[in-house]
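Coordinate-derived values only; no laboratory data. No experiment lies behind these values; they were computed from the predicted model shown. Heads up, the Cβs are rebuilt from the backbone with ideal geometry, glycines too, and the neighbour counts pull from every protein chain shown.
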Amino acid sequence: MKSFANVNARSVEEALRLLQDGRQQNRRVSLAGGGSDLLGMIKDDLVAPDVLVNLKPIEGLHSVTPYAGGILIGGSITLNRLAEHPRVRADYTVLAEAAGSVGTPQIRNVGTLAGNVCQRPWCWYLRAGFPCFKNGGDMCFSWIGENQFNAIFGGGPSYIVHPSDAAPALVALEARFHIAGPAGERVVPASEFFTLPRTDVSRENVLEADELLTAVEIPAAPEGTTSRYVKVLDREAWTHAVVSAAFVFRMEDGTCRGARVVLGGVAPIPWRVTEVEAMLRGQRITPELAARAGRQAVAGAEPLAKNAYKVSMTENLVRRTLLELAG
């Protein structure tokens, strides 16, 4: 591991200035909130920063604040604090459950919301330094190699899956991401923040090199809203979802008046299944409807040689969770 300078940013403006100054001096600059993923990438020689900008000292990025009827969550809030926050647990259960499911307690005590959302993929070809698309190469090794955990939706030319647990929950909650950059702040819907490989194979989101994710805004939950985050793991600790799903429902007299269903672990972005949402809207959730919704959730799946099991796993996860939500 090469040596690097560690600089504490006291404000968002200072962090942006340090980013800009470093790049003008042809120095590689990395941002660190919790730094758990970044440290691993540095150890694996996937990144080699000359300057590491520490975002922890920036006030206002660690809290949950009432905002326009909803809440504004600072990007540097730890996953553990987010999972245990009373307002989040009460009104945005899907996000509390997603944050509380990440990694291990040690990771959740350090890792941040922005870091979880913006982390790089965990495909072993990328992490092992193979010259794949994500490492600046010209092929996706998983296409013909070990693809047990790769995408069944939205793949090509890269078949990575997005590793974030928080991301599907935020898309399901119709969150908006506050992004700071040299030109000021811009706000991007969560559904437009993540990018498919076919758009730009080198990146996973719309963040520019001189920008940072400062906060996440979530609108007020309508009365009757219930939500849930579920995921399947290949082992209990230090792993990412094989398949996951975020559900946000508005129920009235036993009838589904609104639904958002977003899958994780199956695509390069959080994968929203709008056809399932339309199927459920205005209906009572019966075992027959839940079964049809499960089948619809995997319509169009294109599994690779070794991950076809994800199709039936996703179908059954959606079916079972719908029945649980319906009581």
Ile107, Ile152 arranged by Cβ crowding within 10 Å, fewest neighbours leading: Ile107, Ile152
The stretch 212-224 - phi-based ³J(HN,Hα) in whole Hz, Karplus 6.51/-1.76/1.60, Gly and Pro as x: 9, 7, 9, 7, 10, 9, 10, x, 4, 7, x, 4, x
Sequence of His62, His162 once ranked by neighbouring C-beta atoms within 10 Å, starting from the fewest: His62, His162
The stretch 104-208: equivalent-ellipsoid semi-axes (sqrt of 5 x gyration tensor eigenvalues, Cα, Å): 25, 17, 14
Charge dipole magnitude, Cβ of K and R +1, D and E -1 - the stretch 1-93, Cα centre, debye nearest 20: 80 debye
Residues Thr274 and Arg10, FRET efficiency given R0 of 35 Å [Cβ-Cβ distance, rounded to 0.05]: 0.25
Computed P(r) (all Cα pairs; the chain; 10 Å bins; percent): 6, 26, 34, 24, 8, 1, 0
Inter-centroid distance (Cα atoms) of the stretch 6-80 relative to the stretch 168-203, Å: 17 Å
Rounded if a/c under 1.5, otherwise prolate or oblate - the stretch 1-58, Cα gyration tensor axes: oblate
Debye, to nearest 20: dipole size of the chain, +1 on Lys, Arg Cβ, -1 on Asp, Glu Cβ: 400 debye
Near-label residues of the stretch 163-197 by backbone N, under 14 Å of a point 7 Å along Cα→Cβ of Glu252: none
Packing-based exposure ordering (other Cβ within 10 Å, fewest first) of Cys256, Cys140: Cys256, Cys140
Equivalent ellipsoid semi-axes, the stretch 142-295, via Cα gyration tensor eigenvalues times 5, rooted, Å: 27, 22, 13
Lysine pair count for the chain [Cα-Cα under 26 Å; pairs on different chains or 8 or more apart]: 10
Rounded to whole Hz, the Karplus (6.51, -1.76, 1.60) HN-Hα couplings of the stretch 78-88, x for glycine and proline: 6, 4, 5, 5, 5, 5, 9, 5, x, 5, 5
Two-decimal log10 I(q)/I(0) for the stretch 20-86, as the Debye equation yields it once each C-alpha is a single scatterer, q = 0.28 Å⁻¹: -1.18
Arg89 paired with Trp122, simple spin-label distance in nm, labels 7 Å along Cα-to-beta-carbon: 2.5 nm
Assigned charges on the beta-carbon of Lys, Arg, Asp, Glu; the stretch 118-255 dipole about Cα centre (debye): 380 debye
Projected area, mean over directions - the stretch 225-326, Cα convex hull, nm²: 6.5 nm²
Fraction of alpha-carbon pairs over 21 Å apart in the stretch 1-141 - percent: 52 percent
The stretch 196-283: projected area of the alpha-carbon convex hull, averaged over directions, in nm²: 8.4 nm²
Residue among Ala128, Ala209, Gly111 farthest towards the positive dipole end of the stretch 98-254, charges placed on Cβ: Ala128
